Each structure stands twice: as C-alpha cells, then as structure tokens.
1. Is there any pair linking a residue in the range 65-82 that is touching a residue at least 12 places away in the same chain (Cβ under 8 Å) and assigned to a helix (DSSP H, G or I) to one that is loosely packed, with under 15 Cβ neighbours inside 10 Å and hydroxyl-bearing (Ser, Thr, Tyr), with Cβ under 8 Å and at least six apart or on different chains, and which?
2. For the subset of the range 103-160 comprising residues that are assigned to a strand (DSSP E or B) and among the acidic types (Asp, Glu), which member is modelled with the lowest pLDDT?
3. Go over the candidates Ala127, Ala112 one by one and state the one that is of a type in the set (A, V, I, L, M, F, W, C) and exposed (fewer than 15 other Cβ atoms within 10 Å of the Cβ).
4. Could you list, in sequence order, the residues of the range 45-64 that are among the small types (Gly, Ala, Ser) and either modelled with pLDDT of 55 or more or not in a loop (DSSP other than H, G, I, E, B) (or both)?
5. Restricted to the range 133-143, and to residues that are more than 17 Å from His115 (Cα to Cα) and of a type outside the set (A, V, I, L, M), which residue is surrounded by the fewest Cβ atoms within 10 Å (Cβ to Cβ)?
6. Quick one: would you say Glu62 is over 22 Å from Pro155 (Cα atoms) and under 30 Å from the mean Cα position of the chain (by Cα)?
Amino acid sequence: MALSRSPRVYALLGAGVLTLGGLAAVAVLLWPQADAPATPAAPAAPADAVVVRTTADPGEPERLAAVTALVAQLPAQFAAADTSALTASAREQFGDVRRALPAGTTLAVDPASWHRTGAVASITVTATRPGQPGVRFRLVTVQEGGAWRVLSTTPIDEAR
C-alpha cells in the first residue's frame, strides 16, 4: 500500500516533525552540560525561621506605643492590686503586685530596645523608686485577645 500524498498526511507529518524538534530543543536546553560547573541552588528559608521585628519595621511603632502605654499604667494598676495587665502565669510570678512597684515608682521604656517575634515582644524598662537609682530590666509581653500583657520580667545585670 502506497502512502497517499494528501494535505492531511503532510500536515500530520509536519506536526510530528515540529513536536520532535520542540522536544529536542527543550532537552538540549535543560540537559546538564558535562563541562558546565555545578551551580548550587540558593538555600531556601526554613519554614520555622524566626523573624525579629524592630521599630524600623512597618507597624512596629504602633505596637511599641501600645506596650509603652501598658507600662505607663502598671504603677497605678499595681497600687490598686489590678493584675489585668498580666498573663495568668505572670500573676503567679508577681504574687502581690502592690509590693512590686512602691508608691512613686516611675517606669521609663527604652524604645530602641523593642524587639518582636510574632505575638511576643520585649523591651528594656528602667524602674526608678523615689531617691534611688534606676534599675533596668527586660519586660516580655505577649499579645492575648488583641491586648498586650506582661508575661515576665528579667533583671539586666549592669556589671556585664
């Protein structure tokens, strides 16, 4: 049986040639060259990477302002035995908050020390009692139910 020279046969043959040519071109482009140096792939960021935010990042000045307002209210709240600014675990740590900040104590936030990762932030605060030098400590806050709450405090060793 002889091949028919109809336009349909030529069209099918042409499509087959074009398909094979296209596949060959893709194979040549994607096939690694034996003499080409291996290029290492850029490392992917791990899924559990921690991103630390500072006041230079968008939205952080507003978060800092909210925590600063929280800190400013602590002396009056503690004097009234109000622990609403504390997390449940911090309430256990602080005990009787009326003794934590004696009357007249002022708290000053160091805005440059702001660091946040997710819902947890830390900041350096200086507590000054009347007639005494200030004592610096790290205040850790956590965002719970849309509000910042004190999670813990850690003294800063000035001797280091």
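The values are calculated or read from the model by the stated rules, or taken from the named source; none is laboratory data. The model shown is predicted, which means the values in this text are computed figures rather than measured ones. Here the Cβ is made from the backbone with ideal geometry for all residues, glycine too, and neighbour counts use every protein chain on show.
1. Pro75/Thr106; Gln77/Ser84
2. Going through the range 103-160, the residues assigned to a strand (DSSP E or B) turn out to be 106-117, 120-128, 135-144, 147-155.
Now restrict to residues that are among the acidic types (Asp, Glu): 110, 144.
Working: Asp110: 97, Glu144: 92.
Selected residue: Glu144.
3. Values: Ala127 fails: exposed (fewer than 15 other Cβ atoms within 10 Å of the Cβ).
It is Ala112.
4. Going through the range 45-64, the residues among the small types (Gly, Ala, Ser) turn out to be 45, 47, 49, 56, 59.
Listed by number, the residues that qualify are Ala47, Ala49, Ala56, Gly59.
5. Taking the range 133-143 as the starting set, the residues that turn out to be more than 17 Å from His115 (Cα to Cα) are 133-135.
Filter again for of a type outside the set (A, V, I, L, M), leaving 133-134.
Values: Pro133: 8, Gly134: 14.
Applying the filter and picking the extreme gives Pro133.
6. Working: over 22 Å from Pro155 (Cα atoms): yes; under 30 Å from the mean Cα position of the chain (by Cα): yes.
Considered against the rule, which asks whether it is over 22 Å from Pro155 (Cα atoms) and under 30 Å from the mean Cα position of the chain (by Cα), Glu62 comes out as yes.
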